[in-house]
Amino acid sequence: MIAVTVVLALLAALSNASASVLQRRAAVEQPDEGTGARAAGRRLLQLLRRPSWLAGAGLLALSSLLQAGALATGSLSLVQPLLAAELLFTLAVGSVVFRRRPDGRTWLAFAALAVGLALFLLAAAPSPGRPTAPPAAWLLGGCGALGAVVVLVAVSRPVRGAARAALLGLASAVSFATTAALMKEAVGRLAIGPEAMFTHWSLYATAGAGLVAFLLLQSALSAGSLTASQPALTLGDALTSVVLGWILFDETIHLGLRVIPEVIGVVLIGAGSIGLAHAQAAGQDWDTSVPDRPPDRNGRRAPAPRRP
């Protein structure tokens, strides 16, 4: 059963990374038309006409199904660390789609982030806990997640570029983590019977939270490079899931001798974050080059216009 959970979680990570890359490509090809709800609506309607964006949306849906399967067969503490592989999948798929490889420092930074996060969460190994959460726990966890998303979106409004992409990516991460927790609540009721899942509010709340996460993701992808948004998205998702697992499902963190690999994991996360901030690709926006643009006289493809 553990092998099934691992395979489903890794496939979900690959599908989600591919979706981010394809929708980032569509965002690069679509000119910026300003901010506000009306501009966002027009932009979304135009993105709906782009095959790469539609393919990304389909992969997001597939990723949700794969994640639901992983959560149905395994614990939140096993599934979420495995989703950190999305970072490396993003670089691998992105280098193919944009035909422009990130430099070695960026690869090392992303690898440090992914390995550090996985090491920390696997060493901490939160206990599986209970399959469903009581209403009081959902009130605390749900209000906390909603408040965090509102604050992050509010703080992101006056800033632009990488900072805005990171903040919106983190808001999307909190929303995706909440979606995963709601999904676990829904699939946890399958033990009672299918009718128990379809008649419970958590299934429909999963759809609502997933929609909010999806819209925030589109804003993050439009705001700046994947180099800025993807670490915040992936790391924030996993860490928020650990907190929600503790609040909702009574999962606990192991200490003792496991503190040593946990500290090593935290150090790797910090080193990866610092390395990413100074990586050459962070300044050159490796994912703003649209591959289907005609090459210039020197054979180079013109990059897409930079965003503020």
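The values are calculated or read from the model by the stated rules, or taken from the named source; none is laboratory data. The structure displayed is predicted, hence computed values, not measured ones. Ideal geometry is used to build each Cβ from the backbone, glycine not excepted, and the neighbour counts take in all protein chains shown. Side chains included, ligands, DNA and RNA excluded: accessible areas come from the protein's heavy atoms. Shrake-Rupley method; radii C 1.70, N 1.55, O 1.52, S 1.80 Å.
Annotation: Ile260 carries an accessible surface of approximately 110 Å², with a 1.4 Å probe and no ligand, DNA or RNA atoms counted.
Share of carbon and sulfur in the accessible area of the range 79-225 stands at 75%, probe radius 1.4 Å.
Dividing the convex hull volume of the alpha-carbon atoms in the range 136-204 by its residue count gives 78 Å³ per residue.
Of the residues Gly129, Pro194, Ala181, the one whose Cα sits farthest toward the positive end of the charge dipole of the range 103-196, with +1 on the Cβ of Lys and Arg and -1 on the Cβ of Asp and Glu, is Ala181. Annotation for Val159 and Ala271: the two label points, set 7 Å from Cα along the Cα-Cβ direction, are 2.6 nm apart. Overall shape: oblate for the range 61-103, with the ratio a/c of the largest to smallest alpha carbon gyration tensor axis at 1.5 or above and b/c at least equal to a/b.
Taking 0.36 nm per residue of sequence separation and removing the Cα-Cα distance, the Leu65/Ile264 pair yields an extension gain of 68.4 nm. Applying both filters, DSSP loop and at most 14 other Cβ atoms within 10 Å, to the trypsin sites (Lys or Arg not before Pro) of the range 103-179 gives Arg160.
Ordered from longest to shortest, the equivalent ellipsoid semi-axes for the range 87-177 are 30, 22, 11 Å, each the square root of 5 times a Cα gyration tensor eigenvalue.
If you roll a 1.4 Å probe over the heavy atoms of the protein chains, what accessible area per residue do you get for the range 94-211, in Å²?
Working: 5510 Å² over 118 residues.
Computed with neighbouring chains in place, this is 47 Å² per residue.
Computed as a quarter of the hull surface, the mean projected area of the alpha carbon convex hull for the range 50-135 stands at 7.8 nm². The largest accessible area among Trp138, Trp107, Trp201, Trp246 belongs to the first residue in Trp246, Trp201, Trp107, Trp138, and the rest follow in falling order (1.4 Å probe, all chains).
Packing order of peptides 111-118, 176-183, highest average first: 176-183, 111-118 (average count of other Cβ atoms within 10 Å over each peptide's residues). Extension gain for the segment Ala3 to Ala207, taken as residue separation times 0.36 nm less the Cα-Cα distance, is 70.7 nm to one decimal. Entry note, the range 49-198: relative contact order of 27 percent, from Cα contacts under 8 Å with a spacing of 6+ residues.
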